[in-house]
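Derivation of every value follows stated rules applied to the coordinates shown; laboratory data play no part. Please read these numbers as outputs of a predicted model, since none were measured by experiment. With ideal geometry, Cβ positions are generated from the backbone for all residues, glycine too; neighbour counts draw on all protein chains shown.
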Amino acid sequence: MSGTPTSRVTLTHPDRLYWPQDGVTKQELADYYARVWRFIAPFVVGRPLALLRCPDGIIEACFFQKHAWRGIDSAIRQIDDPQDRDGDKLGGEKLLAIDDLDGLIALVQAGTLEIHPWGAPLAGLEEPDMLIFDLDPGDGVTWPQVIAGARAVRARLEADGLGALVKTSGGKGLHVVAPLAPKAGWPAAKAYARAVADAMAADDPDRFLAVATKAKRGGRIFIDYLRNARGATAVAPYSTRARPGAAVAMPIAWEELDATTSAAAFTLGNAPARLAERAADPWKDFRAAARPLPTAR
């Protein structure tokens, strides 16, 4: 990709191995994000973020962080949550956000290997602008079955007048995402998402379930609608995953699904070339595809 932007944030220990088994360093992660900045920016800028931090790499301790830490870089913004009545306490629970590439590289410097945004921007925190369905396959579910499940979710959403886009999760499953016109609140968004999951589980209980109980998941796909509550998150498009292989969550076109070999098919190593070679970004019309949440199912 030409015209790769640069950041003013200085990396300390740029040769630190974040993915030791894959030989991937902090510097290489920063370089990746600079190369894909124009693709990832619309999904991580100006949104509350939950971070999976692994400061010493994936084989050491990793932890989720939703609030500020001592020594946090000034490029990472801290915002009061309007629903946090204790936000003025020392070390208060301020939301984290970034505004630019410097913020993203500051996350890299802090050992952030996964970025999980809210489904709403700071400018409209109480009105989500997307729905996320995480297809989480149980033991015994094949990859073609996951693909078929994603298409089944798409059909449900399109029948209700919503658009549906798909991305690999970088883990085991697929995420189907419906862009929303930000008019409905969190309770309505979650209720609609749950209704979709419940209907799929009721209509085809041998393939799908809408409860998170792992004991019941063998051979079936959990349609995880819980990403659609206030404060809940899902991994960002183009974010890396803190797992061996350095996979990334990759937006793809529906017609690419059959040629995609797994949820972890796209990696920090091959993602930039894929984006450079594509004639068009499969999610470039994300906001144009936004529709209001259906009032009833």
Here the percent of antiparallel bridges among DSSP beta bridges lying wholly in the range 1-156, to the nearest 5, is 95
Any lysines whose Cα falls less than 19 Å from that of residue 172, other than same-chain ones fewer than 8 residues away, would be 214, 216
For the chain, one quarter of the surface area of the C-alpha convex hull, expressed in nm², comes to 15.6
Toy charge model, Lys and Arg Cβ at +1, Asp and Glu Cβ at -1: the chain dipole around Cα centroid in debye, rounded to 20, equals 300
The summed charge of the residue 114 Cβ neighbourhood (under 12 Å; Lys/Arg +1, Asp/Glu -1) stands at +3
Cβ density ranking, 10 Å radius, fewest first, applied to 69, 118, 254 yields 69, 254, 118
GNM of the chain, Cα pairs under 10 angstrom: of 58, 132, 72, the biggest fluctuation goes to 72
Hits for the chain under the membrane-span-like helix rule (DSSP H, Cα axial span at least 18 Å, Kyte-Doolittle mean at least -0.5) are 143-159, 186-203
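Which of the trypsin sites (Lys or Arg not before Pro) across the range 16-46 are loop residues per DSSP, with 16 or fewer other Cβ within 10 Å? Working shown, then result.
On the way: sites: 16, 26, 35, 38; in loops: 16.
Of the trypsin sites (Lys or Arg not before Pro), the ones in loops of the range 16-46 whose Cβ has at most 16 other Cβ atoms within 10 Å are 16.
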Once normalised by the length of the range 1-91, the mean sequence separation of its alpha carbon contacts under 8 Å that are 6 or more apart gives a contact order in percent of 21
